[in-house]
Amino acid sequence: ETLKLESIEKLNEIMNAPQNDPDAVVPDYVTLSANVSFIRRENPWYACCPSSECNAKVVPNGDNKWHCDKDGQTYDHKTNRYVLQVSLQDETATAWATAFGDQASVLMDGVDADKLEQTQDVDPDAFDMAFQAAQDK
């Protein structure tokens, strides 16, 4: 169930409720309007299985190949999947949230994580600018 909230202050109250009341119910999803005030640049993606239906993390196997424990396959390449840590802000408070995959790609103006990884290696200023452009939305 999705709960629509008016402010981050209300979100913080709901998320902290279990500390005060162990029986408090925290919704799986919430919607609210807020600005993205900051996106962490550290570890903005994970190495992901290139199989379109998998999305599991892959690990290098030492032979310039990538192994997926979920499907048991070894691949010549990987793909990157966003897992962005974002700071949200409105007039009442701030809160940290995580944006995954397609939603994070929208936030990053459609720049996919593979392209951003290449940019990080060759043009650190452009890498930083991609995050700057996504902030204050």
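The values are calculated or read from the model by the stated rules, or taken from the named source; none is laboratory data. As the structure is a prediction and not an experimental result, all values here were calculated from the model. For accessibility, only protein heavy atoms count, side chains too; no ligands or nucleic acids. Shrake-Rupley method; radii C 1.70, N 1.55, O 1.52, S 1.80 Å.
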Please state the relative contact order of region 55-137 as a whole percent: Cα pairs under 8 Å, 6+ residues apart? 17 percent
Quick one: how many lysine pairs in the chain have C-alpha atoms under 19 angstrom apart, if they're 8 or more apart or on different chains? 7
For region 79-119, average projected area of the Cα convex hull in nm²: 3.2 nm²
If each part is reduced to its alpha-carbon centroid, region 97-122 and region 53-88 end up apart, in Å, by 15 Å
When the chain is treated as a GNM, springs tying every alpha-carbon pair under 10 Å, which of A56, A47, A99 comes out with the largest mean-square fluctuation? A56
Share of accessible surface on carbon and sulfur in the chain, whole %, 1.4 Å probe and ligands ignored, is 46 percent
How much accessible area per residue does region 37-96 have, in Å², with a 1.4 Å probe? 60 Å²
Hey, could you get me the Stokes-Einstein D for the chain, Kirkwood radius over alpha-carbon pairs, 10 °C and 1.306 mPa s, rounded to whole µm² s⁻¹? 94 µm²/s
Radius of gyration and Dmax over the Cα atoms of region 24-72, both given in Å: 16.9, 49
Which log10 I(q)/I(0) values, to two decimals, does region 56-137 give at q = 0.19 Å⁻¹ under the Debye formula with one point per Cα? -0.93
